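First comes the structure, then the notes that go with it.
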Amino acid sequence: MGAVRSSRHQGIALLALSLVSLGAAALLRDLAPDVTLCGVKTLTGLPCPFCGGVRATAALGAGSLGEAFAWNPAVTALHAGMLASGMALILGGTPPWFTPGRQRFWFRAATLVLLVNWLYLIAAGR
């Protein structure tokens, strides 16, 4: 019973984190639409792999999936994963991507996604 309860709490935490960040990013976009938050971009002129993430999150909060994906595909996918994982944990299941045997695969996949995402952001001039 303790493991089920713990996974439900983890699911609630994942959902809360995603939903709070969606709301906070939407509020930030309304209050300061032209602010650049990335120190890497400010110092080097090149985007980091997460550049546009706040704008992508704000677009998701506003219900614009296409705009979110254009700003930063990796951050958009991260939110989808957080929401799906949170729901699976709350409903009492363990998402198949959480199994210990798949950790190496997901680490490599995430590294590749971040690299491709970074190249996309550079090419898109973000």
*Which residues, counting only those in segment 25-52, are part of a helix (DSSP H, G or I), at pLDDT 85 or above and surrounded by 14 or more Cβ atoms within 10 Å (Cβ to Cβ)?*
none
*Checking ASN117 against (1) farther than 27 Å from ARG8 by Cβ; (2) modelled with pLDDT under 80, which test does it fail?*
(2)
*If you check PHE98, PHE105, PHE69, which single one turns out to be at pLDDT 85 or above and either over 19 Å from GLY125 (Cα atoms) or aromatic (Phe, Trp, Tyr) (or both)?*
PHE69
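Somewhere in segment 48-64, is a residue among the polar types (S, T, N, Q), in contact (Cβ under 8 Å) with a residue 40 or more places away in the chain and closer than 20 Å to LEU14 by Cα?
no
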_Would you confirm, using the coordinates I've provided, whether LEU112 is out of contact with any strand residue (DSSP E or B) (no Cβ under 8 Å at 6 or more places or on another chain), at pLDDT 85 or above and loosely packed, with under 13 Cβ neighbours inside 10 Å?_
yes
*What is the number of the single condition among (1) over 25 Å from TYR120 (Cα atoms); (2) buried (at least 16 other Cβ atoms within 10 Å of the Cβ); (3) at pLDDT below 80 that GLY86 does not meet?*
(3)
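The values are calculated or read from the model by the stated rules, or taken from the named source; none is laboratory data. Keep in mind that what you see is a predicted model, and the values were worked out from it rather than measured. Backbone-built Cβ (ideal geometry, glycine too); neighbour counts: all protein chains shown.
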